[in-house]
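The values are calculated or read from the model by the stated rules, or taken from the named source; none is laboratory data. All figures in this text were calculated on a predicted structure; none of them were measured in a lab. Glycine also receives a Cβ, built like all others from the backbone with ideal geometry; neighbour counts cover every protein chain displayed.
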Amino acid sequence: MEEKVYIFHYWTAREGTSMINTRRRFAFKASEDEVSGIEKELEEKAKRILDSELERKLVELYSFGQRLDVGCGDHPMGEVGLDRVKGSKVMVQGEGTSLPFRTESFDTIIAHHCLEHIPKLGRALTEIYRVTRSLVVIVVPRKEASYVHVDHVWHMNREEWEGILRKGFFIESSGEVGNSYYFICCKYSPNSV
């Protein structure tokens, strides 16, 4: 198979920005099949970056006050980040099923791509309910996207997630962003206060 020289121009995202804004160029020798695979890989990577940025903007839009990010990894979106693995930006090490905080300690709880990892989901939601004063922002992978990760224990569609969340929360808003579902949940129904 004949190889040709290809020159790629592509955009990458700079961490902390909301748009893809750094242009890159590189040249290499490859067959047309290899180039097709590389193009597809670059497109998928760019889509994941954009999806992640959209999810972060969604969380910023809906969350307020003192915020706890449960399962934050190395990228907490709240003033306090909690994860079971101690990382460079994790402020509190702990489990989502036993949050080490007083009742109603935070205005907003953020659960961004963490609930699908917790086997005792009901216990985690009970703890989130206990620790929030009013609002919970939840982002979970779409059912078809959740099978990609072997450490996901929950593979549910949007209606299944809503059914579980409605047992303890009033869902003010829900929808899809990229390969994820999002749920904006209130601790109490607006009509009950």
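For region 90-124, filtered to residues that are closer than 22 Å to Leu61 by Cα and charged (D, E, K, R), the residue that is surrounded by the fewest Cβ atoms within 10 Å (Cβ to Cβ) is Glu104. Annotation: of all residues in region 156-188 being modelled with pLDDT under 90 and more than 19 Å from His113 (Cβ to Cβ), the one that is surrounded by the most Cβ atoms within 10 Å (Cβ to Cβ) is Lys187. The set of residues in region 67-89 that are surrounded by 17 or more Cβ atoms within 10 Å (Cβ to Cβ) and part of a loop (DSSP other than H, G, I, E, B) comprises Gly71, Cys72, Pro76, Met77, Gly78.
Among the residues of region 134-149, is any modelled with pLDDT of 90 or more, among the basic types (Lys, Arg), surrounded by 16 or more Cβ atoms within 10 Å (Cβ to Cβ) and within 22 Å of Leu58 (Cα to Cα)? Scanning region 134-149 turns up no residue that is modelled with pLDDT of 90 or more, among the basic types (Lys, Arg), surrounded by 16 or more Cβ atoms within 10 Å (Cβ to Cβ) and within 22 Å of Leu58 (Cα to Cα). If you go through region 90-109 and keep only what is of a type outside the set (Ser, Thr, Tyr) and in a strand (DSSP E or B), you end up with Val92, Gln93, Glu95, Phe106, Asp107, Ile109.
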